[in-house]
Amino acid sequence: MGKINVAILAGGSSVERDISLRSCENITANLDNDKYNIKIYELPKDGSTNWAREIIKEPPDIVLSALHGGNGENGSLQGFLHCLGIPFAGSRVLSSALCMDKKTAKTVMAANHIQVPADVCIKRGERLIDYADEIRQMGFPLIAKPNRGGSSIGIGIAYDMDELEKAVDSIAKKYDDDVIAEKYIQGQEITCAVAESKDSIDVMAVLDINKRGDIFDYEDKSKSSSPLGDISNMPVFMQDMVKAIAVKTFTVLKCRGYACVDMIVKDEQIYVIEVNTLPGLTDKSLIPKAAQISNMSFGEFLDRLIEFELR
Ligand SMILES: Nc1ncnc2c1ncn2[C@@H]1O[C@H](COP(=O)(O)OP(=O)(O)O)[C@@H](O)[C@H]1O
Ligand SMILES: [Mg+2]
């Protein structure tokens, strides 16, 4: 069999552009050159689309997306590739769009009896005051986040209505987006790296992100400076619950290939915070680390991902 032509998409115009370029570097460094011809498409910051004309002219056997956030992760890019009939690894249109829209994803999870933090969603352009009763009922502290954000950008904790108002205004100014005011859960923040193969959906590893402040923020995420822990401190039945919930979440949100399911655990309660369908793949990121923990090199993980799509 000849070599497989792999196209890697990276860069793009989202705020996560730099992380994307680093993910691309790590993928390139770990793909086996004896098996694959690699072509990198660096999507420009300005959103211009020459790369799209090029990929249509010369379609690869498979696309690996190193894009994070924005059109790369919200289903748009997935729809484009789907229309062209170009195979790609990872979640499809519906799941990508669903997981990008935190409130809708939470609604689907809750309907499937997956516990999520209580929230009030303030629709774009509406006033906080109209939600005041609901918010007081929920109680502070709350975390305010853009519904379709990423990398913790724009997120803040509010301890009273004034602080919440400031947080909501600041998000509304910067983002054309609804704002989620969500019950702040003070607990152990973990992420579950989930991978799908032909026969099953498995949790490769559950990592404690050892967050240092109140929020696992952009700085922590991009630098990965705090060491990752595991969940061996948890009772075994809780570890099993965490894994079962991760697989269930992956399934009900119709994810494909791989994803990270983020949770906070407090007093034996497990809350799913969000799901990332295109999590970082840099040498410091959770997915390559999780692969390693489950006795797979990152190269083998990529082999499996490609095999799964091209089977
Ligand atoms: N309900 C919550 N309670 C406590 N911390 C939260 C909550 N929601 C988010 N956070 C903190 O904020 C970070 C980013 O929130 P998240 O919902 O994952 O958005 P993003 O898409 O920006 O990563 C989380 O990693 C966590 O540290
Ligand atoms: Mg997150």
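Scanning the range 190-213 for residues that are surrounded by fewer than 19 Cβ atoms within 10 Å (Cβ to Cβ) and within 13 Å of ligand 1 (Cβ to nearest atom) yields Asn210, Lys211, Arg212, Gly213. Look at Gly156 and say whether it is surrounded by fewer than 20 Cβ atoms within 10 Å (Cβ to Cβ), within 15 Å of ligand 2 (Cβ to nearest atom) and farther than 26 Å from Val194 by Cα. Spelling it out, Gly156 is indeed surrounded by fewer than 20 Cβ atoms within 10 Å (Cβ to Cβ), within 15 Å of ligand 2 (Cβ to nearest atom) and farther than 26 Å from Val194 by Cα.
I'd like the residue in the range 35-70 that is polar (S, T, N, Q) and over 14 Å from Gly90 (Cβ atoms) and, out of all such residues, is surrounded by the most Cβ atoms within 10 Å (Cβ to Cβ). Can you show your working first?
The first filter runs over the range 35-70 and keeps only residues polar (S, T, N, Q), leaving 37, 48-50, 65.
Still in the running and over 14 Å from Gly90 (Cβ atoms): 37, 48-50.
Values: Asn37: 14, Ser48: 10, Thr49: 12, Asn50: 10.
Looking at the filtered set, the residue picked out is Asn37.
Scanning the range 126-139 for residues that are free of Cβ contacts under 8 Å to residues at least 40 places away in the same chain and either over 22 Å from Met109 (Cβ atoms) or in contact with an Asp or Glu (Cβ under 8 Å, 6 or more places away or on another chain) (or both) yields Glu126, Arg127, Ile129, Asp130, Ala132, Asp133, Arg136. Residues of the range 82-114 that are more than 16 Å from His68 (Cα to Cα), part of a helix (DSSP H, G or I) and hydrophobic (A, V, I, L, M, F, W, C): Cys83, Leu84, Leu94, Ala105, Val108, Met109, Ala110, Ala111. Number of residues in the range 27-53 that are in a helix (DSSP H, G or I) and under 21 Å from Gly70 (Cα atoms) equals 5.
Bear in mind that the values in this text are calculations on the coordinates, not laboratory data. None of these values were measured; they are calculated from a predicted model. No Cβ is skipped: glycine too gets one built from the backbone with ideal geometry, and neighbour counts run over all protein chains shown.
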